[in-house]
1. Keeping every protein chain present and rolling a 1.4 Å probe, give me the accessible area per residue for the range 1-110 in Å².
2. Going through the cross-link list Lys85/Lys207; Lys38/Lys141; Lys141/Lys235; Lys11/Lys269, which pairs have a Cα-Cα distance over 26 Å in this structure?
3. What does the net charge come to around Gly64 if you take all other residues with beta carbon closer than 10 Å to its beta carbon, with K and R at +1 and D and E at -1?
4. Which length gain, in nm to one decimal place, applies between Ala53 and Val197 when the Cα-Cα distance is subtracted from 0.36 nm times their residue separation?
5. What net charge is computed for the residues neighbouring Glu83, neighbours being all others with C-beta under 12 Å from the C-beta of Glu83, Lys and Arg scored +1, Asp and Glu -1?
6. Antiparallel DSSP bridges in the chain: what percent, to the nearest 5?
7. State the percentage of accessible surface on the chain attributable to carbon and sulfur atoms; use a 1.4 Å probe and exclude ligands, DNA and RNA.
8. Please calculate how many Å² of accessible area the range 164-218 carries per residue, with a 1.4 Å probe and no DNA, RNA or ligand atoms counted.
Amino acid sequence: MVDALSCVRWKRHQDALIELSEHGIVLIVEESGCLQAKVYLQRELFTKYEYGAQGRPRFGISLGLLVDCLNTFSSPGHSNTIEIKYPGPDMELLLKSVDTLNSCIYSEIRTRIPETVAWDYNFEQAGSAPLTFTVKSAALKEAIDDLEWPGSSVQISLHNSPPCVTFRGEGHGDLQIDFMYYANTDLLLAFHCDTEVSYGYKYKFLKATTANIPGNVVRENRGSKLTIGRGGMLKVQHLVSVSKALAPQVESAGYQPPSRIAYIEFFVKPEESSD
């Protein structure tokens with residue numbers, strides 16, 4: 001779970017919004033109305049999930065503090081069971097170790113009423129068919145890391161003849177990275193483009209989508225899916241393994257997870273055209 005949450009932590013001091021439902025937990029972080037990330041923790045991930053709230057409770061929390069607390073509960077080489085409960089007597093988020101015989105770790109994290117509602121990214125398909133490609137996560141991270149040198153803007157272009165994805169950085173210098181579909185099917189795993197498109201994105205926001213990809217995603221040779229929606233909205237999706245057992249109680253029955261995957265989504269707004 002720490003890996004999944006760390007994937008969307010691009011700043012040391014960062015606030016998050018948590019939404020609870022009968023389907024699981026969603027954690028949302030955003031910046032400047034231009035970048036938003038979501039971590040989906042489906043109820044099947046948990047050894048036990050209890051939910052009895054009315055509607056979908058939301059509360060703000062320090063992402064860094066939550067990650068640090070979860071790390072404190074973790075023991076190298078052991079799969080600890082952690083009980084997460086909300087709300088506490090003063091609307092806190094409560095964490096407690098439940099499988100340690102000789103000791104108990106307990107934590108209370110203060111929550112707050114969200115100051116703003118997460119902006120509506122309103123991701124819509126750009127045309128009659130999706131503009132999308134899937135690339136190995138390690139290759140995507142390496143390409144974006146390399147684009148730090150040119151400057152503050154990165155142009156992403158999809159070409160259909162020949163099928164190709166181009167990342168081009170401009171600023172102090174120029175750098176272009178091409179993923180040719182037929183030539184690099186081991187890196188560019190899937191590609192669909194029925195019309196050529198090109199949009200620019202601020203480098204710091206694009207960097208955040210891959211900066212903290214967990215090592216297990218790279219080791220398992222997984223792919224990351226990128227989709228360009230209407231108006232150039234970019235959606236980046238990762239799959240992150242969740243190995244530790246958690247037992248949340250959110251104010252309805254026990255489930256054994258069929259797969260331990262957390263879904264991560266980033267939404268990046270394009271730069272405004274100067275035309």
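The values are calculated or read from the model by the stated rules, or taken from the named source; none is laboratory data. What you see is a predicted model, and the numbers here were worked out from it, not measured in a lab. Here the Cβ is made from the backbone with ideal geometry for all residues, glycine too, and neighbour counts use every protein chain on show. In case anyone asks, the SASA skips ligands and DNA or RNA and just uses the protein heavy atoms, side chains included. Shrake-Rupley method; radii C 1.70, N 1.55, O 1.52, S 1.80 Å.
1. Dividing the accessible area of the range 1-110 by its residue count gives 49 Å².
2. Lys85/Lys207
3. +1
4. Taking 0.36 nm per residue and subtracting the Cα distance, the gain is 47.4 nm.
5. In short, +1.
6. Here the share of antiparallel DSSP bridges comes out near 90 percent.
7. C and S fraction of accessible area: 48 percent.
8. Using a 1.4 Å probe on heavy atoms only, each residue of the range 164-218 averages 48 Å².
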